[in-house]
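One structure is given below, encoded as structure tokens.
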Amino acid sequence: MNTRLLLSVVVLVSACGDDGVHHLADAPELPIDAAVDSPDAADPKVPLNIMVSGSGGGTVTSSPAGITCTTASCSADFDPETVVTLTAVPDTGSVFVGWMGACTGTVPTCEVTLAQAASVTATFDIARYAVTVTKSGTGVGVVAGNGLNCGATCTVMVDHGTMLSLTATPGTLSVFAGWGGACSGMATCATTVTGPTAITANFALDDVTLFVTKGGNGAGTVTATGINCGADCNETYTAGQMVTLTAAASTGSTFTGWTGGGCTGTATCTLTMTAATTVTATFTLQQFALTVTKAGNGGGTVVSNPTGIACGADCSENLDYNTMVVLTATASTGSTFTGWTGACTGTAMCMVTMTAARSVTATFTLQTFALTVTTAGNGSGTVTSAPAGVACPGDCSQSYNYGTMVTLTQAAATGSTFTGWGGSCTGTGACTVTIDAAKTVTATFTLNTFALTVAKAGNGMGTVTATGISCGADCTETYNFGTMVTLTQAATTGSTFAGWSGACTGTGACTVTIDAAKTVTATFNIQTFTLTASTIGNGSGTITSAPAGISCPGDCTQVYNYNTMVTLTAPDTTSSTFTGWGGACTGTGACMVTMTAARSVTATFTLRQFTLTVNRTGNGTVTSSPAGISCGADCDELYNYNTPVTLTASAGTGSTFGGWSGGGCSGTALTCLTTVTAATTVNATFNVSSFLLTVTPAGLGTGTVTSSPAGINCGADCMESYLFNTPVTLTATADPVSSDFGGWNGGGCTGTAPCTVTMSQAQNVTATFNLKQFALRVRKGGDGFGTVSGNGINCGPTCTVEQVMLPYGTTVTLSQAAATSSSQLSTFTGWSGACAGAGGCSFMLMGNTTVGADFKLRPNLMFTTSMTTTGAFIGINGADSLCKNLASARGLPGAYLAYISGTNTAAPSRFAGVSGWVRVDNAPVMSSIGQFGGGSLFNPPILDEAGANLANSGQLGVWTATRADGTYVGQNCNNSNSPADWSTTSARTTAGACSATDSTVVDEGFASCVTPLRIYCLGVDRAATVP
């Protein structure tokens, strides 16, 4: 075996300088050519490189052994194909975030098979814990500090080691009662967070006073817990306490309600004590009702002293307890006061003492007079009264109260009429008498008369006679009510008396009692005879008569008057012919019969016959039932009228029966029933066979299939019938925008070319149309990092372009996620191409489409320290440590270095490869380090690590030891370069002003090293651009 292997090794050297920050030393690529000529030479080793990143710390170890990595990078060589298990263990206060490179995911162990050189990055971040603040107690208040401003409960996430400083402020009517949980006591809550932390702030309610007052002209007491008012009308309660007030009226008083403190009504009052409150309870003296009632049928008034009752109208009054009331009764005209009942008796003045509700009744009685009624005249009747009392004859006199309005009503007896009033009433209308003295009234009644009228009816003749009537000529007479009149009838020769109707019935004597107008009818009839008709023969027809009466069949007999001339008629019908008369008539002419006696007549009818003809088209035969037609040969037959004939069609070879027409036949059934009622022709059509061609579209695409000869246009019309053996050519056309034709199936069709189907039977052909496939291409732009995913796209941080093929019409939904690691921390700035804006990206794929996703690296943060320090902060490393600690305490992401120069170190050189800085409020400061002092800043670096503006802090000076051009000024707080840099307060060096945007931001002049100044802290994570 002769193998030549080219192995490239990258040597990573981790150097830890004075500043405690790990730096990657220059590591040139060293090519090594190794020729292996011997087949027995050992296999080369495979390197495994480990990187540790993130804001936290931890250790990565390997099995088999070889890697124990806690620094930025480590490396070990292993035999090819070795399976190496890596284990990540976070430091205290850190958490393992996940693997990148040859390992992925968040499980702390991963396996790498070393087929070739591999790199793995393990990320550890500082642990973050939930700090939960809960308020308790009956009071209210807020808790603030470290970004918190809590209502009832709030939670904030903070880094491990964060120093909490929380202040509790009580609300209205409340006091702070102390901390619980991770804090205690009453002072500010200060604690260092090393895990999930729960803190309770207790607030209690303050004390408030309730004042009770009493109002009104009555008396009573109000009680509650601590109150008995009466004597004790005030009490102090805890704010928020529920207090129930109860009012009790004294004897003779009534509690009429609450006012104040939200109390109303008369029930107990419950109020919540949220402030000093006054409540008033009103008590009113009791009153009692004095009610006067008037009784009796008379009238009068009752009045009171003191005033208040005038009954009449006002019969009740409420009066104070123990009031003495005098009542006086006065009778109306026509009435008499007869005495008191209730709280008073007798007829003298009534005096009532109001110790309770009282009732008094005053009785007044009306005077009475007699009303007398009499009847007159030759008739009879009755008179009655309202109100009741008179019913005359019988009871014709009645006494009534003074002023009574009496209405007299007359009712004439049957056969009498009321003719008028006399005495206190006149005329014939209603009689109303006012009783103001004795009265007399007379009612007159007269007998009635009625007419008796005789009428004659029937087709005969005769006379009717009675006293006063001879009808013939005189047929009406008037009689008194109750008269009995006897009527006598006499029929004329040739007629018969048939009977009475009206006031008499039957054929005997007629006696009429006159109790109303009466009418009597006498009926006289001529003699009659019966004419009978009948039909015979195998036909049918109708016999009718003139005069009317016979319509046979149906009505075949009729009675006619003596000597009536009757004409009978028997016409031919649609189905039959009249062939002659029998009986009282002969021949075939009109039949006339004179009715001098009963008569009988017969008419004969014979059925007609008609020809049924079959016309045949095409190849087939038609036969009949009943027999007679066999068409082919015999296509005509004679049938009686109304004969039902069934025709049967039989198709010849190669034909199908196409259908009937004529003679009432239709449709394609093989049998047809026709009823012969006239000469009839039936047509039978036989057709050449045809078959159905069905086209079925399939697939997710769209298109049409057309046929030649025409008939199919599928889309819309996908079925057509064709004659036997017809060749049909099908052509498929796909929708040019969205689809492709995928091919035929069925009916002998395959492939994608036009298909010809021979219609020897029913055929089914399927045409498949497939959706076109289009490219979805995602391109990432900008200087930042992120991922784009969705619909098969998974373009990770290092991916710049990714493409997938998708069907036409696919709904594309893409999502983005900007990178969050310190070195790649980015912001998504928007879509381009098929999507726009920075929201979601969703569209329908209609063709090859490109979507751009742009990510921008977030600028580095910079701040001016909130702390001031003399120049003796122990070297540049001391300044870096101050920056790191302040950033960590405020939870600022990334790594930070101080912008400061020292012996052999110019401040700008510390930021090589880094660009773009903003303040912690995201206001841009500079795009390059050369702009700091050497150009104009976008905004002054005047904010500290918490975002506080230092303008009013009293100290804007910042240590730099740097000229405006970025070079070291040549001295710092080291007493002319001895001893170490930035270690003494007995020297001086240059300082800048953090409120400046020009060169003085770096070099505003010299400052004594004993002066406490600030330090510029700049993030060193990314080469970003601003603004």
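Details
- Residue within the stretch 204-217 that is surrounded by 14 or more Cβ atoms within 10 Å (Cβ to Cβ), on the phi > 0 side of the Ramachandran plot and more than 50 Å from the chain's Cα centre (by Cα) present: yes
- Condition broken by ALA313, with the remaining ones in (1) at pLDDT below 90; (2) more than 30 Å from GLN367 (Cα to Cα) satisfied: (2)
- Which listed residue is surrounded by fewer than 16 Cβ atoms within 10 Å (Cβ to Cβ), at pLDDT 90 or above and closer than 19 Å to LEU210 by Cα, from THR282, THR259, THR277: THR259
Yes or no, residue by residue, for (1) in a loop (DSSP other than H, G, I, E, B); (2) surrounded by fewer than 21 Cβ atoms within 10 Å (Cβ to Cβ); (3) modelled with pLDDT of 95 or more; (4) at negative phi:
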| residue | (1), (2), (3), (4) |
| --- | --- |
| ASN972 | yes, no, no, yes |
| ASN975 | yes, yes, no, no |
| ASP981 | yes, no, no, yes |
| THR990 | no, no, yes, yes |
| THR1000 | no, yes, yes, yes |
| PHE1006 | no, yes, no, yes |
| ILE1015 | no, no, yes, yes |
| PRO1027 | yes, yes, no, yes |
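- If you go through the stretch 229-246 and keep only what is modelled with pLDDT of 90 or more and either within 30 Å of VAL140 (Cα to Cα) or under 57 Å from the mean Cα position of the chain (by Cα) (or both), you end up with CYS233, ASN234, VAL243, THR244, LEU245, THR246.
- Unique match (being surrounded by fewer than 17 Cβ atoms within 10 Å (Cβ to Cβ), modelled with pLDDT of 90 or more, in the same structural domain as GLY420 (by TED's automatic domain parsing) and not hydroxyl-bearing (Ser, Thr, Tyr)) among PRO306, PRO393: PRO393
- Entry remark, the stretch 218-228: residues being farther than 28 Å from ASP320 by Cα and buried (at least 17 other Cβ atoms within 10 Å of the Cβ) number 2 in total.
- Verdict on CYS263 being in a loop (DSSP other than H, G, I, E, B), free of Cβ contacts under 8 Å to residues at least 40 places away in the same chain and within 28 Å of THR236 (Cβ to Cβ): yes
- From the list ALA187, ALA231, the one residue that fits, being exposed (fewer than 13 other Cβ atoms within 10 Å of the Cβ) and within 23 Å of LEU285 (Cα to Cα), is ALA231.
- Tallying residues that are hydrophobic (A, V, I, L, M, F, W, C), part of a loop (DSSP other than H, G, I, E, B) and under 17 Å from CYS635 (Cβ atoms) within the stretch 647-669 yields 1.
- One residue stands out in the stretch 841-872 among those that are of a type in the set (Gly, Ala, Ser) and touching a strand residue (DSSP E or B) at 6+ places or on another chain (Cβ under 7 Å): the one that is farthest from ALA1024 (Cα to Cα), namely GLY847.
- Whether a residue is in a helix (DSSP H, G or I) and either outside the structural domain of SER821 (by TED's automatic domain parsing) or modelled with pLDDT under 95 (or both) was assessed, and SER881 passes this test.
- The residues of the stretch 90-107 that are of a type in the set (Ser, Thr, Tyr) and under 21 Å from SER75 (Cα atoms) amount to a single one, THR104.
- Only one entry in VAL695, VAL688, VAL682 is among the β-branched types (Val, Ile, Thr), at pLDDT below 90 and either loosely packed, with under 14 Cβ neighbours inside 10 Å or touching a strand residue (DSSP E or B) at 6+ places or on another chain (Cβ under 6 Å) (or both), namely VAL688.
- Search result, residues across the stretch 670-682 that are outside any loop (DSSP other than H, G, I, E, B) and more than 12 Å from PHE657 (Cβ to Cβ): LEU673, THR674, THR675, VAL676, THR680, THR681, VAL682
- Total residues in the stretch 141-157 satisfying the condition of being touching a Phe, Trp or Tyr at 6+ places or on another chain (Cβ under 9 Å) and crowded, with 19+ Cβ neighbours inside 10 Å: the figure is 1.
- Cβ separations smaller than 8 Å between residues 6+ apart or across chains give the following pairs from the stretch 593-621 residues that are over 30 Å from THR668 (Cα atoms) to residues that are among the charged types (D, E, K, R) and in a strand (DSSP E or B): VAL593/ARG599.
- In the stretch 716-773, residue nearest to the chain's Cα centre (by Cα) [restricted to those that are of a type in the set (Ser, Thr, Tyr) and assigned to a loop (DSSP other than H, G, I, E, B)]: SER738
- If you go through the stretch 294-324 and keep only what is over 19 Å from GLY339 (Cα atoms), hydrophobic (A, V, I, L, M, F, W, C) and not in a loop (DSSP other than H, G, I, E, B), you end up with LEU319, MET324.
- When LEU771 is tested against (1) loosely packed, with under 15 Cβ neighbours inside 10 Å; (2) in contact (Cβ under 8 Å) with a residue 12 or more places away in the chain, exactly one condition is not met: (1).
- In the stretch 325-346, the qualifying residues are those that are closer than 19 Å to PHE288 by Cβ and part of a loop (DSSP other than H, G, I, E, B), and the one that is modelled with the lowest pLDDT is ALA343.
- For beta carbons closer than 8 Å, sequence separation of 6+ or different chains, a first residue in the stretch 441-470 that is more than 30 Å from SER397 (Cα to Cα) and a second that is among the acidic types (Asp, Glu) and surrounded by fewer than 15 Cβ atoms within 10 Å (Cβ to Cβ), the qualifying pairs are PHE450/ASP515; GLY468/ASP474.
- Only strands (runs of 3 or more DSSP E) whose full extent lies in the stretch 476-591 are considered here, and the ones with at least 1 residues that are within 21 Å of MET461 (Cβ to Cβ) are 476-480, 484-491, 495-502, 510-513, 518-526, 528-536, 557-561.
- Residue within the stretch 701-710 that is surrounded by fewer than 18 Cβ atoms within 10 Å (Cβ to Cβ), of a type in the set (Ser, Thr, Tyr) and either without any contact (Cβ under 8 Å) to a residue 24 or more places away in the chain or at positive phi (or both) present: yes
- Members of the stretch 477-520 found to be over 20 Å from ASN448 (Cβ atoms) and touching a Leu at 6+ places or on another chain (Cβ under 6 Å), listed by number: CYS510
The values are calculated or read from the model by the stated rules, or taken from the named source; none is laboratory data. Computed from a prediction, not measured in an experiment: that's the story for all the values here. A quick note on method: Cβ atoms are made from the backbone with ideal geometry, for glycine too, and the neighbour counts reach across all protein chains shown.
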